[in-house]
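The values are calculated or read from the model by the stated rules, or taken from the named source; none is laboratory data. Given the structure is predicted, the values throughout are model-derived calculations rather than measurements. Please note: Cβ atoms are built from the backbone with ideal geometry, for glycine as well, and neighbour counts cover all protein chains shown. Surface accessibility is based on the protein's heavy atoms, side chains included, excluding ligands, DNA and RNA. Shrake-Rupley method; radii C 1.70, N 1.55, O 1.52, S 1.80 Å.
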Amino acid sequence: MTAGNAILVIAIFTGLALIGAIFFVMFKVRQISREFFGTSSLIEGLKRQEALEDDTPKSVSGMTRVELPRIEKDFPEFHWPEWKQRCENQLKGYLEALEHRDLSYLGKVSVSLKDQARLKIEEMEEKEIREEFDAIHVHQTEISRYDKNPGKCRIRIQSSVEYLHTLRTPDRKKNVEREKEQHRFNMELVYIQDITKIRDGETAIGVSCPHCGAPIAGLGDRVCPYCGGAVEPVNVRVWELHRIEEV
């Protein structure tokens, strides 16, 4: 066999080996695709997976059963079902405020949350971005953490949210036209002083018994220590939703 023939034979065997390797890889890809996605087409399988993710709600950190008893022990008046609904409503209002660039959609919220929404709107306007949130649906809302520190108590809440999202940018190539999306949001409830219960210049509230006029030393006292009459306590602290952020 001449040198030329030897080189030709080697080239043929190398080509056959390469073709065999390609077919083997394609076979393994189809096999893996069928195993994970139920179809031999990897591209079709990835599309199915993407569609499945769009329909699958995000999981949340659910510590409600653990944290709620601690909260209720410290704050017997705290009513979780009511706050759960309020947080979900304010989350929807926050998204609608971003869409319409109108803070009135927030309703009655904390100054902190209103400032957060205002800054977000200003950022969107600067970048010439518009977002639309349609068919907003909250799948699940849970308490994720409760922190009690001197001077401040904080409840972290997490919600799983679905909506149809439209994103419009100056660069049309980056536009997203009305796609179903699943997201997870953190919200933060903070126990703060209610300034509406304190008159200008005061740092504390003096309470007098409505029956005998004697001063009530403790803001939480429900009975006058002098005459024994019932006293309605003044609550100078309230829970407020301070932050909403996507995670």
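Among the conditions (1) modelled with pLDDT under 85; (2) exposed (fewer than 12 other Cβ atoms within 10 Å of the Cβ), the only one that Glu82 does not satisfy is (1).
Here is the figure for the range 155-177: residues that are open to solvent by less than 50 Å² (accessible area, probe 1.4 Å) and closer than 30 Å to Phe75 by Cβ total 6.
Being outside any strand (DSSP E or B) and touching a Pro at 6+ places or on another chain (Cβ under 9 Å) is the filter here; which residues of the range 101-145 pass it? Answer for the range 101-145, where residues must be outside any strand (DSSP E or B) and touching a Pro at 6+ places or on another chain (Cβ under 9 Å): Lys127, Glu128, Ile129. Among residues of the range 177-193 that are under 13 Å from Ile143 (Cα atoms), those with a Cβ under 6 angstrom from a residue that is assigned to a strand (DSSP E or B) and among the aromatic types (Phe, Trp, Tyr), sequence gap 6+ or separate chain, pair up as Leu189/Trp239. Residues that are without any contact (Cβ under 8 Å) to a residue 40 or more places away in the chain and part of a helix (DSSP H, G or I) within the range 60-85 comprise Arg65, Val66, Pro69, Glu72, Lys73, Pro81, Glu82, Gln85, listed in sequence order. From the residues in the range 221-247 that are of a type in the set (Gly, Ala, Ser) and open to solvent by less than 60 Å² (accessible area, probe 1.4 Å), which one is modelled with the lowest pLDDT? Among those residues, the one meeting the criterion is Gly229. Scanning the range 98-120 for residues that are open to solvent by less than 80 Å² (accessible area, probe 1.4 Å) and under 14 Å from Glu245 (Cα atoms) gives Leu98, Ser112, Leu113, Lys114, Asp115, Gln116, Ala117, Lys120.
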